[in-house]
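What follows is a single structure, written as structure tokens, with notes after it.
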Amino acid sequence: MQIEFDGKVALIVGAAQGIGFATATELRNSGAKVAVADINGEAALAAASRLAGDDTEKLGVQADISSMDSVEAMVAEVTSQLGAPDIVIISAALLDDKLFLDSGPKDWQRIIDVCLYGPMNVLHSVLPGMTERGFGRIICMASDSARVGQARLSYYAAAKGGVIALIKSVAQEVGPSGVTLNVVSPGATDTELRQAREAQTKEAIGEERYAARTKKVVRMYPAGRIGLPQDHASMITYLASEQASWVTGQVISVNGGFVMP
């Protein structure tokens, strides 16, 4: 299936690396004008410069999605430079590997501000324009921990569970307008964030135990491997396309069969 975006404007939040950057690359290569947004402004600019195509059709933007003021400034800059966003992908996230009883309100607030309030801020900023124009595609990344739970990720899972409920509810509200909202729920994926966490684990437990742990993790995936950013980018690209106009309010797990809810 050939997917073309024919100059549509895509805003990808959390796109300096990982799944967000893989998605930015695929959308740009399919004809979209792409805005790369990230809390690290320098990383956003660097990621935008790595995308193929005319410099006038890509943009790097600094944004902290936990702040409504920052989100509104991001959307205004994208609209000024590229046009109003037709496609919005929310990939920004934080992880906090901690037992719940070892955590506290400051830990919870930090995760909820980015992982739940962040998507709420973005939706509230872009939806009025999308509904007025009669077209929009919003895809938000969640986690299967939100669907089945996961030890040491309790409040992250809670925030992502809130995202799923948010997307389903808003999809019902704006469905007649031509705007769709969906969730992609990844399994373990070989992103820079995961690589950094894995390096810390290896240092903490030693090479022998780490190798045994890695084999055990891979065996939990019927597909026989952990994911790659491109695995998710392909699904997101489909959901952002005209061909997915009748797909809304869905949670789609891209996880090598790890969880089959």
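Ranking Leu82, Leu94, Thr25 by Cα position along the charge dipole of the chain, where only Lys, Arg, Asp and Glu carry charges on their C-beta atoms, puts Leu94 farthest toward the positive end.
For the chain, the longest principal axis of the alpha carbon atoms and the long axis of helix 41-50 meet at an angle near 70°.
Here's the picture: a label point sits 7 Å out from the Cα of Arg197 along the beta-carbon direction, and within the stretch 93-126 the residues with their amide nitrogen under 18 Å of it are 93-104, 107-116. Projected label points at Ser169 and Ser67, each 7 Å from Cα along the beta carbon direction, are separated by 2.6 nanometres. Per residue of the chain, the DSSP helices (runs of n ≥ 4 H) give a summed -39500 (n - 2.57) that works out to -14500 deg cm²/dmol at 222 nm.
Between the Cα long axis of helix 229-239 and the first principal axis of the chain there is an angle of about 40°, rounded to the nearest 10. Between helix 118-133 and the chain there is an angle of about 30 degrees, using the helix long axis and the longest principal axis of the Cα atoms.
Read the figures in this text as sums done on the coordinates, not as results from a lab. Quick caveat, the model's predicted, so the values are computed rather than measured. Don't worry about glycine lacking a Cβ; one is built from the backbone with ideal geometry, like all the others, and counts go over all protein chains shown.
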